[in-house]
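Down below is the structure, laid out as structure tokens.
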Amino acid sequence: MAPAGLSLGAAVLCLLAWAGLAAGDRVYVHPFHLLVYSKSNCDQLEKPNVETPPDPTFTPVPIQTKSPPVDEEALWEQLVRATEKLEAEDRLRASEVGLLLNFMGFHMYKTLSEVRSVASGAVFSPVALFSTLTSFYMGAADPTASRLQAFLGVPGENQGCTSRLDGHKVLSSLRTIQGLLVAQGGAGSQARLLLSTVAGLFTAPGLRLKQPFVQGLSSVTPITLPRSLDLSTDPDLAAEKINRFMQAVTGWNMGRPMTAVSPDSTLLFNAYVHFQGKMKGFSLLPGLKEFWVDNTTSVSVPMLSGTGTFHYWRDKQNNLSVTRVPLSANTYLLLIQPHHTLDLRKVEALTFQHNFLTRMKNLSPRAIHLTMPQLTLKASYDLQDLLAQAKLPTLLGAEANLGKISDDNLRVGKVLNSILFELKADGEQAPESVSQPAGPETLEVILNSPFLLAVLERNSAALHFLGRVSNLLSAE
């Protein structure tokens, strides 16, 4: 798990970039040199008197056009194949992207948690966030491209072509990171993880998109669906049409992630993520069990139970404990439990920081009997709102230069990331009389009150999901 140890150094580099600090005009090795343009690429791009033909464009088909349903098995196989012939440089590049997206993920999760109550719960994907913003970087020209690069955490302003972020390399690395998450279980494993991502590009009628931009998205999101519809006449109806379309294509019950669109929008960008994990050696307990939302309120929910040697750390000073459960050979579920329900916000602020992975080194193996809820978490958030909270409301606003997406009058509306996160047992339902673990050395851990979670893939050190489980009956 070597890459995780680099997190603090990467955080310092990210902080420099976010603060707008960059080195002077001198020759130096870029701290993220695997993610920027190479000298040979720059020489090709900067050749004088080389005329490039205009990018081909197309008009998206109407939203009424039928699309085949998403084949999640095929998407899984594509992700697995993406990791079969990785070179050492590919893995290093994925680690660099993992460090960047972790840093941004913690920052934006904090922003999200500040505008949502503790009781509402949350699930957040740093990978989806970073992928969406990189996609817009691919469609941007300066000054928007430079601002997006700085926001992504890579210093590069006023340093020349070889300090410019190569969006294709980043999207390819994000694909590698996704593949590393699901590839560990193997085709015959009961603990196989499922990760599917679908992107929707919804445009006003007549708006033309550039083919290279849409084709570039396929490197991280093979299913990208450009569709056109009237966004201005009835914004509520437009939102309903988008929700129905995505429900029909994916089959995922994600609620109603899209609400009324801005009538002056000409482009909406929606990323939909479905994660399903199965906990090896766990069974579904019979009946429903109590989950305490607070000290006086409980709800009845399905619970899972399993016994094994898991990694554990009790932080007495900060009144929390952490249990690490393997989801596959290289993917872990981290469960952070406050010792007092009212401390959830405090523990969340303390835990989800850039030194998170360094602190997780305090865990040690322990025989544990773990009981926790079966999880179905849904969330949808508009990146435009998060950017506004981060004091960057104009980054994708009306003045943004997104000429690589379209030459038309482009006004970006909602930029949604919608997530369906499912965690189940891999075994059958446990019998009515569940025997308690034998032996005084076995620790009983029961998650029957609000807690935090994270999903970590250790090869890239990327945190795929951060979450707050508070009220399992509340709908996002």
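The values are calculated or read from the model by the stated rules, or taken from the named source; none is laboratory data. As the structure is a computational prediction, the values presented were derived from the model and not from experiment. Glycine also receives a Cβ, built like all others from the backbone with ideal geometry; neighbour counts cover every protein chain displayed. Calculation scope for accessible area: heavy atoms of the full protein, side chains included, ligands and nucleic acids excluded. Shrake-Rupley method; radii C 1.70, N 1.55, O 1.52, S 1.80 Å.
Annotation: Trp313 fulfils all but one of (1) assigned to a helix (DSSP H, G or I); (2) touching a residue at least 12 places away in the same chain (Cβ under 8 Å); the unmet one is (1). Scanning segment 248-264 for residues that are over 17 Å from the mean Cα position of the chain (by Cα), over 11 Å from Ser196 (Cβ atoms) and open to solvent by 10 Å² or more (accessible area, probe 1.4 Å) yields Ala248, Asn253, Gly255, Arg256, Thr259, Ala260, Ser262, Pro263, Asp264. The residues of segment 424-458 that are at pLDDT 75 or above and open to solvent by 60 Å² or more (accessible area, probe 1.4 Å), listed by number, are Lys424, Glu441, Glu444, Ile446, Arg458. Per the listing Arg345, Arg359, Arg366, the residue uniquely in contact with a His (Cβ under 9 Å, 6 or more places away or on another chain) and open to solvent by 20 Å² or more (accessible area, probe 1.4 Å) is Arg366. Yes or no: Ala379 at pLDDT below 90 and among the small types (Gly, Ala, Ser)? The answer is no for Ala379. When you check Ile405 against the structure, is it modelled with pLDDT of 90 or more and either open to solvent by 10 Å² or more (accessible area, probe 1.4 Å) or in a loop (DSSP other than H, G, I, E, B) (or both), yes or no? Spelling it out, Ile405 is indeed modelled with pLDDT of 90 or more and either open to solvent by 10 Å² or more (accessible area, probe 1.4 Å) or in a loop (DSSP other than H, G, I, E, B) (or both). Considering segment 226-253 alone, what residues qualify as being polar (S, T, N, Q), assigned to a loop (DSSP other than H, G, I, E, B) and over 27 Å from Gly403 (Cα atoms)? Selection gives Asn253 alone.
Determine if segment 212-225 includes at least one residue that is in contact (Cβ under 8 Å) with a residue 40 or more places away in the chain, in a strand (DSSP E or B) and either over 16 Å from Ser67 (Cβ atoms) or not β-branched (Val, Ile, Thr) (or both). Yes, that holds for at least one residue. Of the residues making up segment 370-392, just one is free of Cβ contacts under 8 Å to residues at least 12 places away in the same chain and either buried (at least 17 other Cβ atoms within 10 Å of the Cβ) or touching a helix residue (DSSP H, G or I) at 6+ places or on another chain (Cβ under 6 Å) (or both), namely Leu387. If the condition is being hydrophobic (A, V, I, L, M, F, W, C), open to solvent by 20 Å² or more (accessible area, probe 1.4 Å) and over 20 Å from the mean Cα position of the chain (by Cα), then segment 215-237 contributes only Leu237.
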